[in-house]
Amino acid sequence: MADADTPIGIFGGTFDPIHFGHLRLAEEMGEALGLDAVRFIPAGWPPHRGRPRTDAAHRLRMVELAIAGNPRFEVDTREMLAPRMSYTVDTLLSLRQDLGWHRPLCLLLGADAFLGLPGWHRWRELFELTHIAIAHRPGYPQHSWKDAMPELLREQIDTRSGPASELAGSAGGRIVTHSITALDISATHIRDTLHSGRSPRYLLPDTVLDHIHTHQLYQANHA
Ligand code: ATP
């Protein structure tokens, strides 16, 4: 039963476009961590990646279409509506203003995104604001990925790791890892596939693909 101690998952991304890799991550992490909700937060202007190529309104609509019918999934437009680019630390501070400081939050990250964490603005402060849940996606197996990890991240893993059952006990500060079904799908590959006139069907929901076709997104002349 959901209560004020049940963690909420926070899942940011460019979602350009959203695909089954994202959706399985959210579904499996939601179940494994007992998340009350998973909030998809499409990036407005991601600081570390430059401006996304597709209009925010289209990326938002594709997320809405993809998550329709899943009672645990919701979309949050605060980054897209922000006048300036949003850093994750600011997004979490803004969420804390809405949700209070006691509610456990859990930032969902693919293992590749976690490895890039030291490049994020004020990244160490994230642990004061949220738990972090790392989903192991293809190419980042749980048994060997620590070997490739910078020392400062390994320290965080060593001091903060714990079982998912501990997430509900505090608002943030823990790290959990969980292996999810390996789906080697990326938005880059989908964009490239469309760009070259091939079909990305079965890599993303049909409703999202219909939206892409209707609005002629990711065509060669939209590069
Ligand atoms: P791009 O190819 O444009 O870089 P992407 O497919 O990696 O995009 P993002 O929007 O950058 O998607 O990713 C948002 C989050 O989803 C990140 O934490 C990323 O690690 C995770 N993610 C993306 N694709 C997968 C996948 N196939 N399996 C598991 N996690 C994924």
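Just a few scattered comments:
- Cβ-Cβ under 9 Å pairs, at least 6 apart or on other chains, segment 154-181 side free of Cβ contacts under 8 Å to residues at least 24 places away in the same chain, far side assigned to a loop (DSSP other than H, G, I, E, B) and of a type in the set (A, V, I, L, M, F, W, C): 157/149
- Any hit, segment 70-81, residues being at pLDDT below 95 and surrounded by fewer than 16 Cβ atoms within 10 Å (Cβ to Cβ): yes
- Restricting 133, 182, 111, 148 to those that are among the hydrophobic types (A, V, I, L, M, F, W, C), within 15 Å of the ligand (Cβ to nearest atom) and loosely packed, with under 15 Cβ neighbours inside 10 Å reduces the list to 182.
- Qualifying residue in segment 91-102 (condition: part of a loop (DSSP other than H, G, I, E, B), within 14 Å of the ligand (Cβ to nearest atom) and either touching a Cys at 6+ places or on another chain (Cβ under 8 Å) or more than 17 Å from residue 168 (Cα to Cα) (or both)): no
- Condition check for residue 152: in contact with a Phe, Trp or Tyr (Cβ under 6 Å, 6 or more places away or on another chain) and either among the hydrophobic types (A, V, I, L, M, F, W, C) or in a loop (DSSP other than H, G, I, E, B) (or both): no
- Scanning segment 195-223 for residues that are more than 25 Å from residue 30 (Cα to Cα) and touching a His at 6+ places or on another chain (Cβ under 9 Å) returns 195, 200, 211, 212, 215, 216, 217, 218, 219, 220, 222, 223.
- Counted residues, segment 203-223 - those being in contact (Cβ under 8 Å) with a residue 12 or more places away in the chain and either within 30 Å of residue 104 (Cβ to Cβ) or part of a loop (DSSP other than H, G, I, E, B) (or both): 8
- Taken together, the criteria exclude residue 173 from residues that are at pLDDT below 90 and either more than 26 Å from residue 100 (Cα to Cα) or more than 12 Å from the ligand (Cβ to nearest atom) (or both).
The values are calculated or read from the model by the stated rules, or taken from the named source; none is laboratory data. Note that this is a predicted model, so its numbers are computed, not measured. Using ideal geometry, Cβ is built from the backbone for each residue, glycine included, and neighbour counts are taken over all protein chains shown.
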